[in-house]
Each structure stands twice: as structure tokens, then as C-alpha cells.
Amino acid sequence: VSTATNIAQKKFDNCIMNASGVWCSDENELTELDRSEASSFVTKSGTLQPRKGNPQPRYFPTSLGSINSMGLPNQGLDYYLEVVNRLQQRKPHKNYFVSCTGFNVQEDISLLKKVAVSGFTGVVELNLSCPNVPGKPQTGYDFETVDNILKTVFKSYKGPLGVKLPPYFDIVHFNQMAQILNKYPLAYVNSVNSIGNGLYIDDTQEQVVIKPKNGFGGIGGDYIKPTALANVHAFYQRLNPDIQIIGTGGIKNGRDIFEHILCGASMVQVGTALMKEGPDIFARLTRELKAIMRDKGYEKIADFKGKLQYIE
Ligand code: RRO
């Protein structure tokens, strides 16, 4: 059986990779992902200037997932472009993703200009959903701004580009966002980023577990799988078929991946579980997905992608 897939007309020999933010903040981590069973990687979201991010502790693993308020610590987009372009030269057959995020549309344009002049040949993921920068709302919840960003971005950037979205929780919001996204030549939509501004507390200590924002942070892991699957399937139902879906949220075993693909995902990304297990997780996940496919008599992703059944 094969877990190969395509995104933006590029071939990937496995449909499993990291989620941006996890194991991708510097050259060492990216090199480890490059050597793993993941078919590709996406970098930490790069900004125009390097950032230290929020004060520590800022990531806390829980029994059912994680909470984080990293605050966009990153080495700056130039660093990631340099590293990825170098790895790309060594492995011309592979395809990589670079994530970036600006603090306004002008910055988004500057970031994409950097991507273009660097000669990057992979796929760009524009992060519209960071929940953790104090005073900055998640762009993906401001529908007018998303429309304006995409309108402006596609006037100048001609390479393959996808967007990372926050989770939506209302059918009308799925309808409104899909209507906006369908106006643009997006390569893909990645659902979902963490569920923003949850609060995890330690009842023994009677205290929060992360320092920034008095403990509020993005939730990942088991908590978010039903929300992630809903977003993947809602966009699969609504988006123009040229716009593919990357499914992210709550993946820790092969069955979770199978479910994301059944809901319409062409590629899946792993965050919290990768943080816990490290890049060896990709060998286990690939083995588990292949075992399920063999059991069910499926030879390839297309045999079950999006084929979720409803009850009469
Ligand atoms: O760095 C972060 O705090 C962060 C980002 Br940019 C994001 O997109 N999602 C997240 O959970 N954390």
C-alpha cells in the first residue's frame, strides 16, 4: 500500500508531516525532520525580524494534549529560507513548506517578496491563526481582513500558497469563510491551528501552568480532534476541488490519520504528539496507517479520501 499524496501538483511519498511550530524552529530540528519518515516538513512561522517570543514556561503537555503560548519565537524568515533552500539543493526530489506570518498585510507582502527573491521552489504556508501574541487577535476570525490579505497577496505572489486557519465553530462561519477562500487560487487550506485561549490549571497548586497571558493558551491534542475533523470536512464540502485540505489536530495514531483523510484531508500534520514522541513518531504513524489501509483493502489515499458516509 502507498501513503503517497500530492499538494500543489507536487508529489510527496508520504501524507504525514509535522505541524508548523513543532520540531521546526532551527536547522537542527529541520534536519531531523528531513531524515525522518515524514515526506516533508514545514518551518516555524517566520516573521520579518527574529523574535524571542513569550516568557517561559510557555508550553505544557497534559494527559490529553497540550497548551502553548509560545508567542511566535522564530529566527526570522530569511533564516528559514536559507536553511530550506540549502536542504532542497541536496534533495531536489523532495518538496518543502515554509510558513510565514506578518503583523499586517504590508508585512505579508514583504515576506512573500523575500520568498520569491530567495528562489524558493516549495510551498508557502501563510499563517493566519496565531492565538498567542498579546494584543493581536487571530487574523482568521476577521473575515474582511482575510479577504483583503488574500486579494493583495495573490496580486504579487505567483508561487503555490496555502493558508493555516484557526478552527471555526459555526456553520455560517464555514459558509462565509469558504466563500472568501473560493475567490483565490489557493493551493490548500490547513485546518486547524490550536483552539485559541483555553485555560489549563493545576488544581493541586491552584495555579496556571504557563506564564504568558496569565495561563491562557492554544489547545492541541485529543481535545481538538472533533473540531479539527469538523473543519476539514466542512471545507472539503465547500471549497472548489482545486483547493486541497491539510488536516491538523489531534493526530497521535494511524486511526486519527485515517479519519482526517476520510473527512477530506490530502495531507496530515502532527503537532502535540510529535512534541511528545519526537520525529520517530512518523515511522510508527506510517506503519499504523498502512496496517489500517491493508485491513480495509485500500491501496492508496484516493481510495478513501473524502468518502465519509452520512446516515440517511
Ligand atoms: O508561536 C505561537 O505561540 C503559536 C503560533 Br505562531 C501558532 O500559529 N499556533 C500556536 O498554537 N502557537
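What follows is calculated from the coordinates using simple rules that are stated; it is not laboratory data. For clarity, every value in this text was computed on a predicted model and none was experimentally measured. Here the Cβ positions follow ideal geometry from the backbone for every residue, glycine too, while neighbour counts run over all protein chains shown.
Here is a check on your reading of the model: is residue 111 within 19 Å of residue 73 (Cα to Cα), among the aliphatic types (A, V, I, L, M) and in contact with a Cys (Cβ under 6 Å, 6 or more places away or on another chain)?
Considered against the rule, which asks whether it is within 19 Å of residue 73 (Cα to Cα), among the aliphatic types (A, V, I, L, M) and in contact with a Cys (Cβ under 6 Å, 6 or more places away or on another chain), residue 111 comes out as yes.
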message: Under 7 Å between Cβ atoms, which residue pairs at least 6 apart in sequence (or on different chains) link something in the stretch 44-68 that is farther than 17 Å from residue 251 by Cα with a partner that is among the acidic types (Asp, Glu) and surrounded by 14 or more Cβ atoms within 10 Å (Cβ to Cβ)?
response: 48/107
- prompt: Would you pick out the residues in the stretch 1-37 that are more than 14 Å from the ligand (Cβ to nearest atom) and part of a strand (DSSP E or B)?
  reply: 5, 6, 7, 10, 11, 12, 16, 17
- request: Hey, could you check the stretch 122-179 for residues that are basic (Lys, Arg) and in contact (Cβ under 8 Å) with a residue 24 or more places away in the chain and say which is surrounded by the most Cβ atoms within 10 Å (Cβ to Cβ)?
  value: 164
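Of the residues 66, 40, only one is closer than 23 Å to residue 190 by Cα, within 12 Å of the ligand (Cβ to nearest atom), surrounded by 18 or more Cβ atoms within 10 Å (Cβ to Cβ) and not aliphatic (A, V, I, L, M); which? Walk me through how you get there before you give the answer.
Details: 40 fails: within 12 Å of the ligand (Cβ to nearest atom).
One residue alone meets the criteria, 66.
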- line: Filter the stretch 182-214 for residues that are farther than 24 Å from residue 256 by Cα, buried (at least 20 other Cβ atoms within 10 Å of the Cβ) and more than 10 Å from the ligand (Cβ to nearest atom); the one that is nearest to the chain's Cα centre (by Cα) is 186
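Go through 158, 136 for me and flag whichever is charged (D, E, K, R), within 16 Å of the ligand (Cβ to nearest atom), out of contact with any Cys (no Cβ under 7 Å at 6 or more places or on another chain) and part of a loop (DSSP other than H, G, I, E, B). Even if it seems obvious, please write down each step before you answer.
Working: 158 fails: within 16 Å of the ligand (Cβ to nearest atom).
Checking each option against the conditions leaves just 136.
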field: the stretch 231-262, residues that are in a loop (DSSP other than H, G, I, E, B) and under 24 Å from residue 124 (Cβ atoms)
entry: 239, 240, 241, 242, 243, 249, 251
